[in-house]
Amino acid sequence: MKSNLLLGAAMTVGAIALTSAPSMAATKFEFWYGLSGDLSERIQDMCKDFNASQADYEIVCVSQETYENNLQNTIAAFRANKQPTIAQISDGGVVDLMLSGAYVPVRQLMEENGYKIDWSNYFSGIASYFSTSTGELLAMPFNNSTAVFYYNTDALKAVGFDGAPQTWEQVEDIARKLKAAGYECPIAFDPTGQWQWWEEFSAVHNQPIATKGNGFGGLDAEVAFNKGKFVDQLAWYKKMYDEGLLVNKSKAAGETANDSFVNAHCQMSSSSIADHGFIGKQAKEGMHWDVTMLPVWEGTERTNSFVGGAALWTLKGKSAEEYKGAAAFYNFIATPKQAEWWSTVTGYIPVTNTGYQAMVDKGFYSAAPYKGRELAIKSLTFTPPTEYTRGVRLGNFGAVRKEVQDAIQAVLFENKPVQQALDEAAERSNAILRKFEKTYPGATLP
């Protein structure tokens with residue numbers, strides 16, 4: 001049987017020698033994804049490499065710019081019978097795909113096409129996000145990450161702080177000193193990036209986002225972000241924003257948080273570990289920076305952070321040859337050579353234990369350009385997943401995220417009281433969840 005190299009096989013894809021083109025044309029199949037910019041370019045590189053590695057299949061990779069666009073466009077395409085063979089669906093779209101029944105489980109796909117996979121080798125925290133309650137992995141883990149905290153070491157040293165900020169108290173103290181020293185933007189804050197500022201904050205503080213174990217217990221779950229520590233955290237964001245310590249950096253503001261950080265316009269920021277590669281390449285000459293796990297409030301027992309990113313879902317309604325191509329592509333991206341390349345050029349973490357260990361053994365995480373990326377693994381595995389840190393299983397979660405995003409902006413820019421803004425967002429979010437529940441009457445999550 002065919003084997004997946006990353007999972008213990010003994011085959012080297014790099015040694016494959018292409019022969020003359022077969023008499024029949026290569027089977028084309030589409031892969032839609034939700035990334036843009038530098039990450040989109042890296043996916044295009046990956047697709048070109050796959051096509052060059054063999055002559056039987058040609059993958060056509062199409063960016064839909066954002067995860068939400070890709071989810072909505074994939075659903076619309078499926079209804080019109082024009083769906084791609086593979087769709088990259090983020091963590092927020094898992095329930096939508098699970099209940100749609102529009103996919104071929106990845107285990108089934110690989111077995112039917114002759115690939116023997118050790119599925120237990122995938123990091124449990126990653127695999128569980130895209131698995132059934134009984135542990136069956138439904139989609140191929142692909143670009144997985146978590147949120148981390150970036151900081152300019154030169155700026156922090158200039159105000160007397162040498163090391164990584166570990167608590168929000170330290171972050172506030174540093175920000176005040178930076179402001180007093182003339183730094184205009186101590187902390188870059190993207191109000192549209194609620195993933196790191198809301199969801200990941202909730203995870204590392206073991207706070208519920210929704211009842212019923214963040215939705216894992218059933219479609220009748222209700223949101224809970226308007227209760228608990230996030231209420232106080234949003235009030236803290238507002239205080240810091242009003243004092244000019246937390247500065248709006250987003251596309252709408254004219255400069256993104258990442259751009260403001262790499263240009264040393266802002267000295268601290270929170271983003272995905274996947275941006276580590278971009279920051280390393282784009283940081284202004286002479287700038288020194290580092291990364292650490294998300295801060296927590298003093299006295300908090302830190303818990304593991306959420307898995308971010310996405311998995312690759314194989315959609316129903318395609319030909320056997322297209323499925324062979326999809327399986328071959330999945331096998332290709334999981335080889336040690338390809339997995340290391342992907343982690344190197346992006347910052348996304350390896351998705352298997354053996355892949356990660358191989359990179360550790362090679363000294364990958366000790367090299368200056370990549371040092372710090374191992375903290376994403378440490379953050380994801382800091383504790384065994386709790387009821388509130390294994391992920392979120394809410395239908396139409398993208399719309400719920402938008403409600404929280406709007407609440408954050410209403411607090412910051414319109415001075416709406418924090419509790420009122422979150423209560424109203426919760427009311428609208430629960431209406432979204434009830435509508436989704438009615439779409440699947442009597443359904444239970446697999």
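The values are calculated or read from the model by the stated rules, or taken from the named source; none is laboratory data. The structure presented is a predicted model; accordingly, all values stated were derived computationally and were not measured. Here the Cβ positions follow ideal geometry from the backbone for every residue, glycine too, while neighbour counts run over all protein chains shown.
When each of V95, V171 is tested for being more than 28 Å from E41 (Cβ to Cβ) and within 18 Å of the chain's Cα centre (by Cα), the lone residue that passes is V95. One residue alone among R434, R373, R390, R428 is basic (K, R), surrounded by fewer than 22 Cβ atoms within 10 Å (Cβ to Cβ) and touching a Gly at 6+ places or on another chain (Cβ under 9 Å), and that residue is R390. Just need a number here: residues in region 312-329 that are within 21 Å of the chain's Cα centre (by Cα) and either at pLDDT below 95 or not hydrophobic (A, V, I, L, M, F, W, C) (or both). Matching residues across region 312-329 total 1.
Tallying residues that are more than 15 Å from the chain's Cα centre (by Cα), under 18 Å from V104 (Cβ atoms) and assigned to a helix (DSSP H, G or I) within region 115-142 yields 1. In the set (1) surrounded by fewer than 22 Cβ atoms within 10 Å (Cβ to Cβ); (2) of a type outside the set (G, A, S); (3) in the same structural domain as F189 (by TED's automatic domain parsing); (4) over 18 Å from Q233 (Cβ atoms), P446 fails one condition alone, (3). State yes or no: is F50 at pLDDT 90 or above, farther than 20 Å from S343 by Cα and either assigned by TED's automatic domain parsing to the domain that holds D275 or not aliphatic (A, V, I, L, M) (or both)? When the stated conditions are applied, F50 does not pass them.
If I filter region 113-127 for residues that are of a type in the set (V, I, T), touching a residue at least 12 places away in the same chain (Cβ under 8 Å) and in contact with a strand residue (DSSP E or B) (Cβ under 9 Å, 6 or more places away or on another chain), do I get at least one hit? Yes, that holds for at least one residue.
Just to be sure, is E65 under 30 Å from T192 (Cα atoms), acidic (D, E), in a loop (DSSP other than H, G, I, E, B) and assigned by TED's automatic domain parsing to the domain that holds L97? Yes.
Restricting V351, V404, V345, V400 to residues that are of a type in the set (V, I, T), buried (at least 19 other Cβ atoms within 10 Å of the Cβ) and out of contact with any strand residue (DSSP E or B) (no Cβ under 8 Å at 6 or more places or on another chain) narrows the list to V404.
Kindly establish whether E30 is acidic (D, E), assigned by TED's automatic domain parsing to the domain that holds S120, at pLDDT 95 or above and under 25 Å from V94 (Cβ atoms). Here the answer is yes, as E30 does meet what is asked. Tell me, yes or no, whether region 192-202 has at least one residue that is closer than 21 Å to V296 by Cα, touching a strand residue (DSSP E or B) at 6+ places or on another chain (Cβ under 6 Å), of a type in the set (D, E) and not assigned by TED's automatic domain parsing to the domain that holds T85. Yes.
As a summary of the residue check, E200 satisfies the conditions (1) modelled with pLDDT of 95 or more; (2) among the charged types (D, E, K, R); (3) more than 24 Å from K371 (Cα to Cα) except for the one numbered (3). Among the residues examined, Q108 does not qualify as in contact with a Gly (Cβ under 7 Å, 6 or more places away or on another chain), under 21 Å from I59 (Cβ atoms) and either at pLDDT 90 or above or among the hydroxyl-bearing types (S, T, Y) (or both). For region 414-423, the tally of residues that are touching a residue at least 40 places away in the same chain (Cβ under 8 Å) and either surrounded by fewer than 19 Cβ atoms within 10 Å (Cβ to Cβ) or within 15 Å of L433 (Cα to Cα) (or both) stands at 2.
Residue check: I187 meets all listed conditions (1) in a helix (DSSP H, G or I); (2) within 12 Å of F149 (Cβ to Cβ); (3) touching a helix residue (DSSP H, G or I) at 6+ places or on another chain (Cβ under 9 Å) but one, namely (1). Of all residues in region 143-168, those that are more than 16 Å from the chain's Cα centre (by Cα), surrounded by 18 or more Cβ atoms within 10 Å (Cβ to Cβ) and of a type in the set (S, T, Y) total 2. For the condition in the same structural domain as L35 (by TED's automatic domain parsing), within 23 Å of Q88 (Cβ to Cβ) and buried (at least 21 other Cβ atoms within 10 Å of the Cβ), A326 qualifies.
The number of residues in region 193-243 being in contact with an Asp or Glu (Cβ under 9 Å, 6 or more places away or on another chain), polar (S, T, N, Q) and touching a residue at least 60 places away in the same chain (Cβ under 8 Å) comes to 4. Out of all the residues in region 329-340, is one or more out of contact with any strand residue (DSSP E or B) (no Cβ under 6 Å at 6 or more places or on another chain), buried (at least 21 other Cβ atoms within 10 Å of the Cβ) and either among the acidic types (D, E) or closer than 23 Å to Q194 by Cα (or both)? Taking every residue of region 329-340 in turn, none turns out to be out of contact with any strand residue (DSSP E or B) (no Cβ under 6 Å at 6 or more places or on another chain), buried (at least 21 other Cβ atoms within 10 Å of the Cβ) and either among the acidic types (D, E) or closer than 23 Å to Q194 by Cα (or both).
Output yes when any residue across region 373-382 is hydrophobic (A, V, I, L, M, F, W, C) and in the same structural domain as T314 (by TED's automatic domain parsing), and no when none is. No, because not a single residue in region 373-382 is hydrophobic (A, V, I, L, M, F, W, C) and in the same structural domain as T314 (by TED's automatic domain parsing). Whether any residue in region 253-267 is at pLDDT below 95 and small (G, A, S) is what I want to check. Yes, there is a match, as at least one residue in region 253-267 is at pLDDT below 95 and small (G, A, S).
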